[in-house]
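The next block holds one structure in the form of structure tokens; read it before the comments.
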Amino acid sequence: MSAEARPRPGEERRATARLWAIASVLLAGALVSAAIGRYPGPFLTPPAALFHDELARNLILNLRVPRIIAALLLGATLGGAGAVLQMVFRNPLVDSGFLGVSPGAAFGASLAIVFLGGAPATVQGSAAAFALLGMAASYLIAQRIRFGDWVLRLVLAGIIVSATLSSATGAVKYLADPLRQLPDITFWMLGGLWAITWRDVLHMLPVVLPCLVVLYLMRWRLNVLSLRDETAFSLGVAPGRERLVIVIAAVAATAAVVSKAGQVGWVGLIVPHIARRLVGSDARRALPASMLLGTLFVLACDDVARTLLNGEIPLGLLTSFVGALFFLGLVLRRQAVGRS
Amino acid sequence: MSAPALAFRGVSFAYAPGGPDVLSDVSLEVATGSITAVLGANGSGKTTLLRLLLGLLAPTSGTVEVEGRPQHGYSRRDLSQRVGLVPQSEPVAFELSVLEFALLGRAPHLGLLALPGAADHALALEALERVGLTALKHRAVPTLSGGEAQLATIARALVQQSAILLSDEPTSHLDPANTRRVLEVLRRLGREGRTVVFTTHDPNLAAAIADQVVLLRDGCVLAAARTAEVLTTERLSATYGMEVEVVQLRGRPLVVPHS
């Protein structure tokens, strides 16, 4: 039998080839992104400018490169977290906005803008802290619900916490100075990477990298955790404990990137769907594909956000718009397949 | 004499502390390499008994033994290498292929961060061959028919390589042809020396393949003995609260309800 098993099935080989193709496109995309912008002229900075134009060199090394790295971290985190949360919650319509994470970050950011002086470090710290608190509150409430399985309890708790935090954010906005603070809150919520520096990248890396590595290493286990609790248990898995480790890693990475980038919606929802279409549902390939495609998607949107117009287009606005269109396409296509 | 594969020693279980017993003072033994049917009406405690055997629930009192040792003495991973489960139905939220699905049976043998290798793939392919699903190995599990999906679940349990196989109502939602396919596979596993315990509310299913029948009513064991001794007109009429007649057909008991 082992001789039969050695040649990998054609479909699996094709999926792996697609994964490498996505990675190559991403690498090329990252390099091209460094060359596009609105200096010295719109859209393209000639590579030669690196040698004779000091402003161009500074711009690329100190603004574009950290911004590109931040986009890579943001996309990999949102795409990867979306994929793993969908699997552990056995629900393809889940993303990291779920479980009170994004509403928590939004509340934390607006609270810091209105009551804590609004310094960038305070806003980011408060956003990350409340993102984690949102998740912790969802978890604690889920533990106290006495009916349904673990997934249903967390979903219900997430809805309750999200609604509560959203109304609290509304209250903070109501109290905000409409000329000074309200625009800041609004811009934070629209999401964007315009203010990213090397320092921000160095703040994100120590949280994001270990979390993504944990998720990546546990990718085959995710397949087992996408089964019902009873079955996962019979396969020697501790479903509750292992899911918790995965959720904490996904949420901590999300809190770290969202605290810097604001609300960048729809990436975690749409990207895993596209990834599964391209490489299949086995998380051994679907998770890395989600991370890579998330990165590609955010990078492309950010390139458009900073080059299309004279002014910056908020990144969250673009990802939500493009993501919703993609989702519409997927839903309509699925219906057509179902009918035929 | 070797220890039984599974044993209940005075096991009682209640879902809430101080609540009513779902199983009370159950004692029974399952011999290694036998096929045992746990038979009873809905709500008689069959599924609870299976969950206790699996280790998913812990008895309120008494002991569950696996291969002669108390079940609580095994780690979860050790236990899952010995006892596998074929659930009643297995909703799969994502479109894993049949091969990828069967491969999940290797989880008890692989570490937390490990990936299955070539030897694991070989076991999965062999299991698919044994249940007759080789041709469908690249099909997505959610697109399978009920019978094929149940066979894929059995293949996963085979890949798990556990000597004991528990199955909850393995054919309850299948048509007669698929029921027969699944029963044939279970019967073959029994002949090959695997211990199979399955629950059912259908006495004819028990009659078809079981060596031993455990008859449950309201959480108590009414009888636990060889199939022909348990499946009698008097016992079954008492269990189901209606008159039934047991006739012999080709050497096997056949249960016919009185109209």
For chain B, give the share of DSSP beta bridges that are antiparallel, in percent and rounded to the nearest 5; count only bridges with both residues there. 55 percent
What distance in nm separates the simple spin-label points at A:THR16 and B:THR233, each placed 7 Å from Cα in the Cβ direction? 6.6 nm
FRET efficiency for B:VAL256 and A:ARG277 from the Cβ-Cβ distance with R0 = 51 Å, rounded to 0.05, comes out at 0.45
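Assuming 1.567 mPa s and 4 °C, estimate D for the range A:264-332 with Stokes-Einstein, Rh taken as the Kirkwood radius over Cα pairs, in µm²/s.
Numbers: Rh = 12.5 Å.
In µm²/s, the coefficient rounds to 104.
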Let me check the size of the range A:1-128 from its C-alpha atoms; what are the radius of gyration and Dmax in Å? 21.5, 68
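Would you work out the charge dipole size for the range A:264-332 about its Cα centre, treating the Cβ of every Lys and Arg as +1 and the Cβ of every Asp and Glu as -1, and quote it to the nearest 20 debye? Before the final figure, lay out the partial values.
Values: 5 positive and 4 negative charges, 63 e Å.
Once rounded to the nearest 20, the dipole reads 300 debye.
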Can you check how the C-alpha radius of gyration of the range A:191-240 compares to 2.2 N^0.38 Å, as a plain ratio? 1.76
Take the Cα of B:ARG69, step 7 Å along the line toward its Cβ, and report every residue of the range B:144-179 whose backbone nitrogen sits under 17 Å from that point. B:162-164
Cα-based Rg / Dmax (Å) for chain A: 20.9, 72
With Rg from the Cα atoms and Rh as the Kirkwood inverse mean 1/r over Cα pairs, the protein assembly as shown has an Rg/Rh of 1.07
Value of Rg to Rh for the range B:119-259 (Rh from inverse mean 1/r over Cα pairs, i.e. Kirkwood): 1.03
What FRET efficiency do you get for A:SER24 and A:ARG333 if R0 is 30 Å and r is their Cβ-Cβ distance, rounded to the nearest 0.05? 0.70
With label points built 7 Å along Cα→Cβ from the Cα atoms of A:ARG57 and B:GLU184, find their separation and express it in nm. 7.8 nm
May I ask you to derive the FRET efficiency for B:SER12 and A:LEU209 from their Cβ-Cβ distance with R0 = 51 Å, giving the value to the nearest 0.05? 0.50
What base-10 log of the normalised intensity I(q)/I(0) is obtained for the range A:149-268 from the Debye formula, alpha carbons as equal point scatterers, at q = 0.19 Å⁻¹? -1.16
Rel. contact order, % - alpha carbon contacts under 8 angstrom, at least six apart, the range A:91-261: 30 percent
Just for the Cα atoms in the range B:3-107, what are the lengths along the principal axes, largest first, rounded to whole Å? 43, 31, 26
Would you mind computing, in nm to one decimal, how far apart the modelled labels at A:LEU116 and A:PHE321 are, each placed 7 Å from Cα along Cα→Cβ? 3.2 nm
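Roughly how compact is the range A:81-174, stated as its Cα Rg over 2.2 N^0.38 Å to two decimals? Don't skip to the answer; put the middle values down first.
Details: Rg = 14.0 Å, N = 94, 2.2 N^0.38 = 12.4 Å.
Against the compact-globule rule of thumb, the ratio is 1.13.
Given just the C-alpha atoms of the range A:219-340, how large is their convex hull per residue in cubic angstrom? Don't jump to the answer; show the numbers that get you there.
Details: hull volume 14.7 nm³, N = 122.
So the per-residue Cα hull volume is 121 Å³.
Which whole-number percent gives the relative contact order of chain A, counting Cα pairs below 8 Å spaced six or more residues apart? If you can, show how the numbers build up before the last one.
Values: 509 pairs, mean separation 98.6, N = 340.
Worked out over chain A, it gives 29 percent.
Please state, rounded to one decimal and in Å, the Kirkwood hydrodynamic radius that chain B gives when every pair of distinct Cα atoms enters the mean of 1/r. Let's see the in-between values first.
On the way: mean 1/r = 0.0526 Å⁻¹.
19.0 Å is the Kirkwood radius here.
Counting other C-beta atoms within 10 Å, which of A:SER290, B:SER167 has the fewest, and how do the rest follow? The partial results should precede the final answer.
Numbers: A:SER290 32, B:SER167 26.
With the sparsest Cβ surroundings first, the list reads B:SER167, A:SER290.
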At 222 nm, what helix-only mean residue ellipticity would the protein assembly as shown give, in deg cm²/dmol to the nearest 500, using -39500 (n - 2.57) for each DSSP H run of four or more? -18500 deg cm²/dmol
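Restricting to the protein assembly as shown, what percent of DSSP beta bridges are antiparallel, rounded to 5? Each step should come with its number before you reach the end.
Numbers: 27 of 46 bridges.
Of all bridge pairs located within the protein assembly as shown, approximately 60 percent are antiparallel.
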Taking only the alpha-carbon atoms of the range B:115-161, what semi-axes of the equivalent ellipsoid follow from 5 times the gyration tensor eigenvalues under a square root, in whole Å, largest first? 18, 11, 9
Taking the alpha-carbon centre of each part, the distance from the range B:17-60 to the range A:222-284 in Å is 35 Å
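Since every read-out is calculated from the coordinates, none of them should be taken as a lab result. Quantities reported herein were computed from a predicted structural model and do not represent experimental measurements. Here Cβ is always computed from backbone atoms with ideal geometry, including for glycine, and neighbour counts include all displayed protein chains.
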